[in-house]
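Notes follow the structure.
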Amino acid sequence: MASRGRQGGKSGWRVLIVGTGGQGVLTAARLLCDLFVDRGHDVVSGQLHGMAQRGGSVQSSVLIDCGSSPMIAKGRADVVLGFEPVETARALPFMSSRTVVYMNTNPVIPYTVGQQWVLSKGKAEYPCVDELRETIEAVTPHLYSFDVTGLAEESGSSTTLNMIMLGCLLGSGSFPYAPGDFCSALSGRLPPASADANRKAFSKGVELGKTFQRSECYS
Amino acid sequence: MSVSSRHEILEDSPGKRACLLGNLAIARGALEAGVQFFSCYPGTPSSEIGDAFARVAKEAGILFEYSVNEKIAVEIAFAASLAGARVMCGMKHLGLNYACDPFSTMPYVGVGGGMVIVSAGDPSAITSPNEQDQRHFTRFLYCPIFDPATPQDALTMTRYAFEFSEATRLPVIVRPTTRVCHSSGMVKFGPMPRDTNEIRLRKDPSRHVPIPANARRMRRELTERYRRAEELLQTSEFFPRTGRGPYGIIASGVAYAHAAQAVADLGVEPEVTLQQIGAYPIPEKILTEFLEAVDSVLVVEELTPFVEDWVTTVAFRRQRHIPVYGKHSGHFPVEFEYSPDLVENVLREYLHLEQQEKTSVQVPELPGRPPVLCPGCPHRTTFYYARKVFGDKTVYCNDIGCYTLGYGEPLHSCDMVLCMGSSITQASGIARVTGARTVAYIGDSTFFHSGLPALANAVQAKDNITVVILDNYITAMTGFQPSLTTDGWGSGDGAQAAIKAPMGPGVHFSIEKSVRGLGVNDVYSVDPFDEEAILSALKAAKGGSGVNVVICHSPCVVYQRRLDKGKRRPPVRIDPDKCDSCSLCVRTLGCPAILVTDGEYTIDQVLCDGCGLCARLCRHGAVQEILPGRI
């Protein structure tokens, strides 16, 4: 039998959201799920949060109209939303030359970086972000990076990082919806106390996403 | 229950599409079946089921408890079932091991109202000390088992499991794995029940007392009831078969979801007959028909070759001599969970498709983010002082909880662990053969779970052990479920808000009284952050004879912060002029709030909880506590 597979069975979208505990990865994944379920899509989402805690690695997959498996196969992510540079690089096995990567360039330094050196004479170092960028670009040319943490802090709250990243994804033209459609749907799902800040952050993200070139693989 | 409940899983909105977490789909399935009683002991990946019931139990009129352990959870639920109630228990795979003694006789006695035990499996031992295959319980104890592949399966199977349990009078296991529990997927709501089972216990010792004479009669009935279970499953919806191709694929659990995905992605539907196994016992008729329809079989299942052996046996018995591939043939590994890549690659091999080019993506060496005790955690403080007093040579037997993170550098406070409650017994064993005083660390919830009998045993043997009970007033590791020492259970926000204090606010179990009641005379109660008190208690314990107990009371910092609505102690700071980078703090404490950058020591002002332990440790006075007025 000759190979005639659809090479990834491309029909929907496979989004991988990665970051560290406390950055709002799971919330972003949940919101993305809800937004697409609202629009009649079938969504399957997997999370890895066994021992996850503040500062640990967090990965969450959101598969929209893809089928039954809750996990993204190696090399099959359509989009990687990287909240942190090292965590984005950790997701490299899920990327291919078609993957679009949106990466926050602002690192969250693991405590082990300094402590490991003291404790085990290990060589755990935080890699240079530019080198990480080059490593990712060696796999996919569609890497868009920005200091999103800085942008969040500028707007007054570092906890809105996830909303900017989500806005960036939805504003980038990756999906056949206008970002404005999502904005109103989001409002009802946010806690009233922080709804305003989050809405502003989302809009900021949408603007950022618009500046990134629209990827060909969705056209 | 109303359409407008603020809890989505209580909505009476049949036909509604929702994207639900697998564990919530299980809870929804039970609610649609009219569950009346729920008991559990938290354990990843099952905990969200109990937490969901904690939130909705009151509104739904369901009797709910976080039990002291899993054995108790199933015994109470079983009795409630005998009185007619539909009952469910939640636990992880290891929990059912602990409950296996009562559970093993339940199929004999038989249930009244439907009884469903959710025993969540953990292939790859992601959050467990082992991976085990609970599906063997079906042949081991004549208990039917449902094996969901998706959240929708989880909902439908759980809902059906209750009436199925009543029809066979067998307790039923629903066995989701981590990937089902912790994945969200589309489900379709069914209607909420209009009425529930009548509660009425008819006394009938000949049916409820398995003395040998009765047990032998029950054994014969059990064979018949298990056969009835197979008959019912044969006409159930849990064995869907798709396609008519010669290549047979038979799959169960989340591996079925991967296999269905791979068949679709590869576009090989015409070549394949895909059979899901959604429950056990596998009806022989279903397997026989499948085997007749295909030229070969590939079995796709995680953990042991359970379905594979079943298929092979049926093929042999039916004299259907076709190849059966799976784990025995080396196509799949016997260890660990499957990834979609693995399943797709094996399918390619089986279907003689070209293998995918190996991708050459090289991941550079990246710093890890291993789990660690939180900044300000009282366990770190206790470990630090205990090692100061007991030294490096003492054996530290640890237990199941956050405090297992005492393992390795730099705390070195976890020399052995086995299971819930094993710290005390392992310490007894070590102390008895070596003669050296041995330390056991155990948390409040784990102590009441299975530490009490272990301590009684140590007392009767006069073992030379010091039991350090780490009382942080909560079951922290599994997501802050109340423990017996939680003050006024559910006084805080979050999952436990619906649960009222069984003994009223301000009242909780006294570990001191429990321990003294078991015959321990030397009992020391301390706040681990009170340096003088904890050092003197530990020194006295070290010099004592027989069993003594040091109880360290201090709240879990993360939970306390939740109760205090985010308020925390002000962080400490390192004065760069005084710090000479001696690294003592890092070498001793392993606190993730202490950062080392190019030999410079700083404190992360967001992470630091201001517990001040590093300030006390520093020989140069370089760590300064910031007074509230200065931030």
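The values are calculated or read from the model by the stated rules, or taken from the named source; none is laboratory data. Predicted, not measured: the structure shown is a model, and the values here were computed from it. Because the Cβ atoms are built from the backbone with ideal geometry, glycine has one as well, and the counts that use them run over all protein chains shown.
A count restricted to segment B:286-331 and to residues that are free of Cβ contacts under 8 Å to residues at least 40 places away in the same chain and within 26 Å of the chain's Cα centre (by Cα) stands at 1. Within the group B:PRO340, B:PRO333, B:PRO378, which residue is within 14 Å of chain A (Cβ to nearest Cβ) and closer than 30 Å to B:MET477 by Cβ? Selected residue: B:PRO340, the only one of B:PRO340, B:PRO333, B:PRO378 that is within 14 Å of chain A (Cβ to nearest Cβ) and closer than 30 Å to B:MET477 by Cβ. Are there strands (runs of 3 or more DSSP E) fully within segment B:53-137 with at least 2 residues that are surrounded by fewer than 23 Cβ atoms within 10 Å (Cβ to Cβ) and of a type outside the set (D, E, K, R)? List them. Qualifying strands (runs of 3 or more DSSP E): B:63-66. Only one of the numbered conditions (1) at pLDDT 95 or above; (2) buried (at least 18 other Cβ atoms within 10 Å of the Cβ); (3) within 14 Å of another protein chain (Cβ to nearest Cβ) is violated by B:ASP265, and that is (1).
Would a scan of segment B:298-306 turn up a residue that is within 14 Å of another protein chain (Cβ to nearest Cβ) and at pLDDT 95 or above? Please lay out each step first, then the result.
Pass one, segment B:298-306, residues within 14 Å of another protein chain (Cβ to nearest Cβ): B:300, B:302.
Filter again for at pLDDT 95 or above, leaving B:300, B:302.
Scanning segment B:298-306, I find at least one residue that is within 14 Å of another protein chain (Cβ to nearest Cβ) and at pLDDT 95 or above, so the answer is yes.
For (1) over 22 Å from B:LYS542 (Cα atoms); (2) out of contact with any helix residue (DSSP H, G or I) (no Cβ under 9 Å at 6 or more places or on another chain), each residue gets a yes or a no:
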{"residue": "B:PRO364", "(1), (2)": "yes, no"}
{"residue": "B:PRO378", "(1), (2)": "no, no"}
{"residue": "B:THR394", "(1), (2)": "no, no"}
{"residue": "B:GLY406", "(1), (2)": "no, no"}
{"residue": "B:CYS419", "(1), (2)": "yes, no"}
{"residue": "B:ILE424", "(1), (2)": "no, no"}
{"residue": "B:ILE430", "(1), (2)": "no, yes"}
{"residue": "B:THR434", "(1), (2)": "no, yes"}
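Taking each residue of segment A:16-42 that is at the interface with another protein chain (Cβ under 9 Å from one of its Cβ atoms) and within 27 Å of A:ILE109 (Cα to Cα) and looking for partners that are in a helix (DSSP H, G or I) and at pLDDT 90 or above with beta-carbon atoms closer than 9 Å, six or more apart or interchain, yields A:THR20/A:VAL86; A:THR20/A:GLU87. Being outside the structural domain of B:PHE137 (by TED's automatic domain parsing) and in contact with a helix residue (DSSP H, G or I) (Cβ under 6 Å, 6 or more places away or on another chain) holds for only one residue in B:ALA255, B:ALA262, B:ALA229, B:ALA293, and it is B:ALA262.
In the set B:PRO148, B:PRO107, B:PRO144, only one residue is touching a residue at least 60 places away in the same chain (Cβ under 8 Å), of a type outside the set (Val, Ile, Thr) and within 14 Å of chain A (Cβ to nearest Cβ); that residue is B:PRO148.
Can you name the residue in segment B:397-410 that is surrounded by 17 or more Cβ atoms within 10 Å (Cβ to Cβ) and of a type in the set (Ser, Thr, Tyr) and is also nearest to the other protein chains (Cβ to nearest Cβ) among such residues?
B:THR404
Of a type in the set (Lys, Arg) and away from chain A (no Cβ under 14 Å): is that true of B:ARG175 in this structure?
When the stated conditions are applied, B:ARG175 passes them.
Within the option set A:SER57, A:SER61, A:SER69, being among the polar types (S, T, N, Q) and more than 7 Å from chain B (Cβ to nearest Cβ) holds for one residue only, A:SER61. The residues of segment B:343-372 that are in contact with a His (Cβ under 9 Å, 6 or more places away or on another chain) and more than 9 Å from chain A (Cβ to nearest Cβ), listed by number, are B:VAL346, B:GLU349, B:TYR350. The residue list A:SER215, A:SER184, A:SER145 contains one member that is under 16 Å from A:GLY82 (Cβ atoms) and at pLDDT below 80, which is A:SER215. Identify, please: which residue in segment B:17-35 is more than 18 Å from B:GLU163 (Cβ to Cβ) and out of contact with any Pro (no Cβ under 6 Å at 6 or more places or on another chain) and is, among those, nearest to the other protein chains (Cβ to nearest Cβ)? The residue in question is B:CYS19. Taking segment A:135-219 as the region of interest, the helices (runs of 4 or more DSSP H) fully inside it that hold 2 or more residues being within 18 Å of A:LEU35 (Cβ to Cβ) and out of contact with any strand residue (DSSP E or B) (no Cβ under 8 Å at 6 or more places or on another chain) are A:161-171, A:179-187, A:192-211.
For segment B:269-289, the criterion of being within 8 Å of chain A (Cβ to nearest Cβ) and among the polar types (S, T, N, Q) is satisfied by no residue at all. All of (1) away from chain A (no Cβ under 14 Å); (2) assigned to a helix (DSSP H, G or I) hold for B:THR394 with one exception: (2).
For (1) in a loop (DSSP other than H, G, I, E, B); (2) of a type in the set (Phe, Trp, Tyr); (3) within 14 Å of chain A (Cβ to nearest Cβ), each residue gets a yes or a no:
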site: B:ALA540; (1), (2), (3): no, no, no
site: B:CYS579; (1), (2), (3): yes, no, yes
site: B:CYS585; (1), (2), (3): no, no, yes
site: B:CYS608; (1), (2), (3): yes, no, yes
site: B:HIS620; (1), (2), (3): yes, no, no
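Listed by first and then second residue, the pairs linking a residue in segment B:524-542 that is in contact (Cβ under 8 Å) with a residue 40 or more places away in the chain to a residue that is outside any helix (DSSP H, G or I), with Cβ atoms under 6 Å apart and 6 or more places separating them unless they lie on different chains, are B:PRO528/B:CYS552; B:PRO528/B:SER554; B:ILE534/B:VAL526; B:ILE534/B:PRO528; B:ALA541/B:THR466; B:ALA541/B:ASN548; B:ALA541/B:VAL550. Considering every residue within segment B:588-600, establish whether at least one is away from every other protein chain (no Cβ under 11 Å), touching a residue at least 60 places away in the same chain (Cβ under 8 Å) and in contact with a Pro (Cβ under 8 Å, 6 or more places away or on another chain). No: zero hits. So, of the residues in segment B:547-577 that are among the hydrophobic types (A, V, I, L, M, F, W, C) and assigned to a loop (DSSP other than H, G, I, E, B), which turns out to be surrounded by the fewest Cβ atoms within 10 Å (Cβ to Cβ)? The extreme case among them is B:CYS556. Scanning segment B:431-444 for residues that are surrounded by fewer than 24 Cβ atoms within 10 Å (Cβ to Cβ) and of a type in the set (Val, Ile, Thr) turns up B:VAL433, B:THR434.
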